[in-house]
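Peer 1: Structure below; questions to follow.
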């Protein structure tokens, strides 16, 4: 940090198990990656190459190497996994992960219907060689999954070998754990947290107000995903109480009372 401030919440250190910022690369060029990392690498824990962008991104190997040289794991978006699965190319997918020397893999079923037992088999297979992130929830804004089912699936996927489970929200933040308006399904989150540790969950929260909600609920070191590149540093200030939305969250009450005199 550039100077000292008192009453700043303690952030976990990289490589983090908790307090993760999972950022979304939607098609950055090599130059854009270099520029982004020059200011934000310290605050980026994992990068997802969004949906199927890896298929069409030029100089993909060079881009991945840039992230990895900065100590940041990269993985292909779950939609690309689904694109391989729906074409009966799962083994090809594994070969591609090896070809690009990826350490992480995502298993999702947000766009296609995969029987859950089969999804668990994919997780088990991939977890033998990769760190698996599995995503629960649908991209279909009209599909509502009962809370007990969210919990069952998340528990089963963790038991099958997922390092963390991701709660679906879409890039727009209007599906899965959010209503179409972007509001958090608070009852759903409450029930999930009654059964599963927050440390095992990455909550997709692309909008600022969603990030603020989770930080106020679970503190600075909540795991958040689908973070836009330009939002990584702003998110860190929210985590530290250095933006108006969380300014008073982490201040000592005696500090606040002193100002009144």
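Peer 1: Would you pick out the residues in region 151-177 that are under 13 Å from the mean Cα position of the chain (by Cα) and either within 10 Å of residue 200 (Cβ to Cβ) or assigned to a strand (DSSP E or B) (or both)?
Peer 2: Of everything in region 151-177, those that are under 13 Å from the mean Cα position of the chain (by Cα) and either within 10 Å of residue 200 (Cβ to Cβ) or assigned to a strand (DSSP E or B) (or both) turn out to be 163, 164, 165, 166, 167.
Peer 1: Every residue in region 231-261 that is surrounded by 11 or more Cβ atoms within 10 Å (Cβ to Cβ), at pLDDT 90 or above, out of contact with any strand residue (DSSP E or B) (no Cβ under 9 Å at 6 or more places or on another chain) and assigned to a helix (DSSP H, G or I), please.
Peer 2: Across region 231-261, the qualifying residues are 233, 234, 237, 238, 245, 246.
Peer 1: Considering only residues that are at pLDDT 95 or above, surrounded by fewer than 16 Cβ atoms within 10 Å (Cβ to Cβ) and outside any helix (DSSP H, G or I), which ones fall in region 101-141?
Peer 2: Of everything in region 101-141, those that are at pLDDT 95 or above, surrounded by fewer than 16 Cβ atoms within 10 Å (Cβ to Cβ) and outside any helix (DSSP H, G or I) turn out to be 101, 103, 115, 128, 129.
Peer 1: Let me ask something else about it. Taking residue 215, is it touching a strand residue (DSSP E or B) at 6+ places or on another chain (Cβ under 6 Å), surrounded by 18 or more Cβ atoms within 10 Å (Cβ to Cβ) and touching a residue at least 24 places away in the same chain (Cβ under 8 Å)?
Peer 2: no
Peer 1: Considering only residues of region 171-192 that are surrounded by fewer than 19 Cβ atoms within 10 Å (Cβ to Cβ) and touching a residue at least 40 places away in the same chain (Cβ under 8 Å), which is farthest from residue 145 (Cα to Cα)?
Peer 2: 171
Peer 1: Still on this structure: For the structure I just gave you, tell me whether residue 202 is within 29 Å of residue 52 (Cα to Cα) and part of a helix (DSSP H, G or I).
Peer 2: Judged against the criteria, residue 202 is not a match.
Peer 1: What do you reckon, is residue 8 crowded, with 20+ Cβ neighbours inside 10 Å, farther than 26 Å from residue 140 by Cα and modelled with pLDDT of 95 or more?
Peer 2: In short, no.
Peer 1: Could you check region 1-100 for helices (runs of 4 or more DSSP H) lying wholly inside it with 3 or more residues that are farther than 19 Å from residue 233 by Cα and touching a residue at least 24 places away in the same chain (Cβ under 8 Å)?
Peer 2: So the answer is 53-56, 60-69, 78-86, 90-99.
Peer 1: Could you check residue 146 against (1) within 19 Å of residue 169 (Cβ to Cβ); (2) touching a strand residue (DSSP E or B) at 6+ places or on another chain (Cβ under 8 Å) and say which number it fails?
Peer 2: Checking residue 146 against (1) within 19 Å of residue 169 (Cβ to Cβ); (2) touching a strand residue (DSSP E or B) at 6+ places or on another chain (Cβ under 8 Å), the one that fails is (2).
The values are calculated or read from the model by the stated rules, or taken from the named source; none is laboratory data. Note that the coordinates shown come from a computational prediction; the quantities given were computed from them, not determined experimentally. Because the Cβ atoms are built from the backbone with ideal geometry, glycine has one as well, and the counts that use them run over all protein chains shown.
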